[in-house]
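K.L.:
Once you've had a glance at the structure underneath, I'll fire off some questions.
The values are calculated or read from the model by the stated rules, or taken from the named source; none is laboratory data. Model, not experiment: these values are computed from the prediction. Virtual Cβ from ideal backbone geometry, glycine too; neighbours counted across all protein chains shown. Protein only, heavy atoms only, side chains kept; ligands, DNA and RNA dropped before computing areas. Shrake-Rupley method; radii C 1.70, N 1.55, O 1.52, S 1.80 Å.
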Amino acid sequence: EVYDPGTNQWTPTGSMAEGRHWHVAALLPCGEVLVAGGRTSGGTLRASAERYHPRSGTWRPTASMGTARWNAAGTLLADGRVLVTGGWNGADLATAEIYDPVSETWTPTAGTMSVARSRHDVLLLPSGRVLVGGGLGANNVELFGPATGTFSNLGLPAAIHGDRYTLSLLPNGRALLAGGFGTPTAAA
């Protein structure tokens, strides 16, 4: 369904070709929405992806990811591509893939994360790099460089001792790491 904040109402729209939950979604520069991965209510993992066209209210298939994954995280990169990190596929994953909306292809990143993770958070920084942090048992933060396609382990601030925290961009360009399982503290 589509929500209209002007009327405060929901309107039905076209249905996805495949039912899924715990998938990633990203608004593409062209105005379409990419949905990828996830799993069915029966537990089948998905590598498939679809694009939603808001003017027609329809979905169409696009290329599938190289790896089926759910509980992954996705973010739109500054250059219009979509980074999908980690997730779960029988075990937490350290791999990542990038979707190019122009060629409609997925490419594995040049490097993997130092820690396999799912249920984590990602944050696009003003520099175009991406912070990847938290997740089930993944007690560190990494920095992804789109130019190299690699991850750098940044460790974890001394005040944080848990996982499943959130990352938020502050108006001054700094990143706030807050909360998490096992720690009620915050660090910037």
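K.L.:
Could you pull out the chymotrypsin sites (Phe, Trp or Tyr not before Pro) across segment 1-44 that fall in loop regions by DSSP (anything but H, G, I, E, B) with no more than 13 other Cβ atoms inside 10 Å?
P.N.:
Sparse-neighbourhood loop chymotrypsin sites (Phe, Trp or Tyr not before Pro): none present.
K.L.:
Please list 14-20, 111-117 highest first by mean number of surrounding beta-carbon atoms within 10 Å per residue.
P.N.:
Packing proxy ranking, top to bottom: 111-117, 14-20.
K.L.:
If each residue of separation counts as 0.36 nm, what is the full-extension length gain between THR107 and SER168 once their alpha-carbon separation is subtracted?
P.N.:
So the chain would gain 19.3 nm between THR107 and SER168.
K.L.:
Moving on. Cα centroids of segment 109-155 and segment 35-96: how far apart, whole angstrom?
P.N.:
Between the Cα centres of segment 109-155 and segment 35-96 lies a distance of 17 Å.
K.L.:
Using a Förster radius of 30 Å, what is the FRET efficiency between SER152 and ALA178 based on their Cβ-Cβ separation? Nearest 0.05, please.
P.N.:
Values: r = 22 Å, r/R0 = 0.73.
After rounding, the FRET efficiency stands at 0.85.
K.L.:
Tell me the carbon and sulfur percent of the accessible area for the chain, rounded to whole percent, probe radius 1.4 Å.
P.N.:
55 percent
K.L.:
Another question, if that's okay. Accessible area per residue for the chain in Å², computed with a 1.4 Å probe and the full protein assembly in place, what is it?
P.N.:
For the chain, the solvent-accessible area averages 49 Å² per residue.
K.L.:
Okay, moving on. Going from most exposed to least, what order do PHE144, PHE151 have by accessible area with a 1.4 Å probe?
P.N.:
Sorted descending by solvent-accessible area, the residues read PHE151, PHE144.
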